[in-house]
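Written out below as structure tokens is the structure these notes cover.
The values are calculated or read from the model by the stated rules, or taken from the named source; none is laboratory data. Quick caveat, the model's predicted, so the values are computed rather than measured. As a convention, Cβ positions derive from the backbone with ideal geometry for all residues, glycine included, and neighbour counts pool all protein chains shown. Surface areas here come from the heavy atoms of the whole protein model, side chains and all, with no ligands, DNA or RNA. Shrake-Rupley method; radii C 1.70, N 1.55, O 1.52, S 1.80 Å.
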Amino acid sequence: MNEQRFRNHSVIREDRADGTILLSSTVRHGPVARCSTDWLVQWAQLTPDAIFVAERSGDGWRTVSYQAALEQVRALANGLLDRGLGPDRPLLVISGNSVDHGLIALAAQYAGIPVVPVAEQYALIPAANAQLAQVAGLVKPGMVFAADGDRFAKALNLDIFANIHRVSSIGGVNGITSLAELMLDGTGADSANALVGPDTIAKILMTSGSTAMPKGVLTTQQMMCTNQAQLLAALPFLGQRKPRIVDWLPWNHVFGGSHNFNMMLANGGSLYIDGGKPVAGLVKRTVENMRLVRSTLAFNVPIGFAMLRDAMRTDTELRRSYFEQLDMLFYAGASLPQDVWADLETMAHEIRGDMPLFTTSWGMTETAPACIIQHEPTTMSGIIGVPVPGVHIKLIPAEDGRFELRAKGPNVMPGYHENLKATHDAFDEEGFLRTGDAVKFVDPDNMAKGMRFDGRISEDFKLLTGIWVRAANLRLELLALLKDVAADIIVTGADRSEVGIMIIPSGGARLRRDVAENDGALVCPSLASDIASALQTLHGHGSSGRISRAIILSEPPSIADGEITAKGNLNFRKLLDRRANLLKRLYDNADPATILV
């Protein structure tokens, strides 16, 4: 084994004879907290009056200081223990982000009780209640919490919750306890907290289920606390001034609920809950919140940054409010279009004369989440960077200069909840987590330039000709090409001779005057012409990147049928299985809904 050390770039590379590459960081992270609520105790002592968490209330904000949060967390923890919750009787949270959600979740963690946050759609959409029942059956909660007892009344009264405690912020109706009634005085919670340690399960987070049924990721205190120490080592400015964010990212997902929430808690920051989202009708609320609170960090998904870019184009004051105090912009979930990056950079220079760190990282629910981070300035989207301190990356060579990515470190899960087979299959013989993701080096001769995400190996497939199709990367290219007509795209062609696509149309595409429904597909001559013309530009890409046919779906993806995950991503396998007849029609040249290119 040869070792190549890049002393100036803090990356160690080890090359094995079989072509496998190991990467790690020379940087060491600082002290790791015992548990997440030790941060709350720390800041309640050092900055008791500082705002910890806030949410909109009328024209202003309902705020909770660190000291007030600690007092409420201790009282709630006593109430949870009094009702019999514990390591084997977790707290299930079925509503979205809210101050009370944050407080009761920390109360559970304070007492050593796992928290299981799930997507609120499972509770609010009756047809999706089956997913909620599946989660409840898996984790067997001792209590279910929803912030709004009226809005979530139907879900709280489902048969699956008939014999467990039900709590809401309002409560007091039909056996639903109010949050205030749950609070108790006493010392039981403090005694329970003294027993919390690195191996204590803090959360059971459900995987996205984009390629299979969701699994419960056992998230320990060590995973969460180590990850924040790793992030602070990579981004030292987090410790130089208290961070402040206005954030909508959902807490049932590891990005919003562990990465962002814990980043504020670990560094004494303030989290203003954004009731908006990057969707039509809700992005205006995000813009309004941006005017009220100036963030030092901005986290978003690519479509969110694109919508904010559009809102700021003609609004100088909004640009000033957004950029003036920013230390970092951070995108995740997909690669950011380069034009959005360039526009935001231009706006930043106009307002402040420079560009904040614009970055991303790579991680999974199973890794708490950050394993690789681009912590140095770059001008290119899609670079995920180098390993964070304490993480070891294994790269298994694949074709075309790609590597299968595997990871090991103290922020990696011990396994899946009550699923020994999935746990066994998740790790290789050396204990590295098999991620299924692919990467390439930005510069194979300079590890400091990091890695670039190159799709999911599990989504790739072969044509009958034996040629591999990089479906994940091709989908991103197609979404940019068809951005005016496609809300999402499914790439097809496994064991066929040609690549095709199934298009989920945008709202505007559905409004075309000549559109007609045809047994699950849309037939629209004007739309077909536009799509075919756009796809013809790919004809120089070779058979693996050339789209020969397309079909437009008339029925939106269904969260109730598992076609949409809790993160809002498509479950490609489920969608293709459920719409097998449309896949068959796509490859029928005579079908009126098939668009031939």
Within the stretch 284-315, the count of residues that are polar (S, T, N, Q) and out of contact with any strand residue (DSSP E or B) (no Cβ under 8 Å at 6 or more places or on another chain) comes to 1
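Rundown of residues vs (1) farther than 15 Å from Thr200 by Cβ; (2) buried (at least 24 other Cβ atoms within 10 Å of the Cβ), yes/no style:
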{"residue": "Leu80", "(1), (2)": "no, yes"}
{"residue": "Leu85", "(1), (2)": "no, yes"}
{"residue": "Asp88", "(1), (2)": "no, no"}
{"residue": "His101", "(1), (2)": "yes, yes"}
{"residue": "Ala105", "(1), (2)": "no, yes"}
{"residue": "Ala108", "(1), (2)": "no, yes"}
{"residue": "Ala111", "(1), (2)": "no, yes"}
{"residue": "Pro117", "(1), (2)": "yes, yes"}
Across the stretch 46-89, the tally of residues that are closer than 23 Å to Leu184 by Cβ and part of a helix (DSSP H, G or I) stands at 17
Is at least one residue of the stretch 492-509 within 25 Å of the chain's Cα centre (by Cα), charged (D, E, K, R) and under 24 Å from Ser458 (Cα atoms)?
-> no
| query | Being buried (at least 21 other Cβ atoms within 10 Å of the Cβ), closer than 20 Å to His259 by Cβ and modelled with pLDDT of 95 or more, is that true of even one residue in the stretch 393-405? | reply | yes
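How many of the residues in the stretch 218-237 are without any contact (Cβ under 8 Å) to a residue 60 or more places away in the chain and either assigned to a loop (DSSP other than H, G, I, E, B) or buried (at least 23 other Cβ atoms within 10 Å of the Cβ) (or both)?
Filtering the stretch 218-237 for residues without any contact (Cβ under 8 Å) to a residue 60 or more places away in the chain gives 236.
Right, trim to either assigned to a loop (DSSP other than H, G, I, E, B) or buried (at least 23 other Cβ atoms within 10 Å of the Cβ) (or both) and you get none.
Of the residues in the stretch 218-237, 0 are without any contact (Cβ under 8 Å) to a residue 60 or more places away in the chain and either assigned to a loop (DSSP other than H, G, I, E, B) or buried (at least 23 other Cβ atoms within 10 Å of the Cβ) (or both).
Among the listed residues Val301, Val254, Val283, Val279, identify the single one that is closer than 24 Å to Ala486 by Cα, within 13 Å of the chain's Cα centre (by Cα) and among the β-branched types (Val, Ile, Thr). Let's see the steps before the verdict.
Values: Val254 fails: closer than 24 Å to Ala486 by Cα; Val283 fails: within 13 Å of the chain's Cα centre (by Cα); Val279 fails: within 13 Å of the chain's Cα centre (by Cα).
Going through Val301, Val254, Val283, Val279 in turn, the sole match is Val301.
Look through Thr423, Thr435 and report the one residue that is among the polar types (S, T, N, Q), farther than 21 Å from Ile547 by Cβ, surrounded by 13 or more Cβ atoms within 10 Å (Cβ to Cβ) and without any contact (Cβ under 8 Å) to a residue 12 or more places away in the chain. It would help to see each step written out before you state the result.
Numbers: Thr435 fails: without any contact (Cβ under 8 Å) to a residue 12 or more places away in the chain.
From the options Thr423, Thr435, the qualifying one is Thr423.
Each row is one residue, and each column tells you yes or no for (1) small (Gly, Ala, Ser); (2) farther than 21 Å from Ala438 by Cα; (3) out of contact with any strand residue (DSSP E or B) (no Cβ under 8 Å at 6 or more places or on another chain).
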position: Arg475; (1), (2), (3): no, no, no
position: Asp519; (1), (2), (3): no, yes, yes
position: Leu522; (1), (2), (3): no, yes, no
position: Ser533; (1), (2), (3): yes, yes, yes
position: Gln536; (1), (2), (3): no, yes, yes
position: Arg549; (1), (2), (3): no, yes, no
Reported set for the stretch 463-506 where residues are open to solvent by 40 Å² or more (accessible area, probe 1.4 Å), touching a residue at least 40 places away in the same chain (Cβ under 8 Å) and assigned to a strand (DSSP E or B) is Trp468
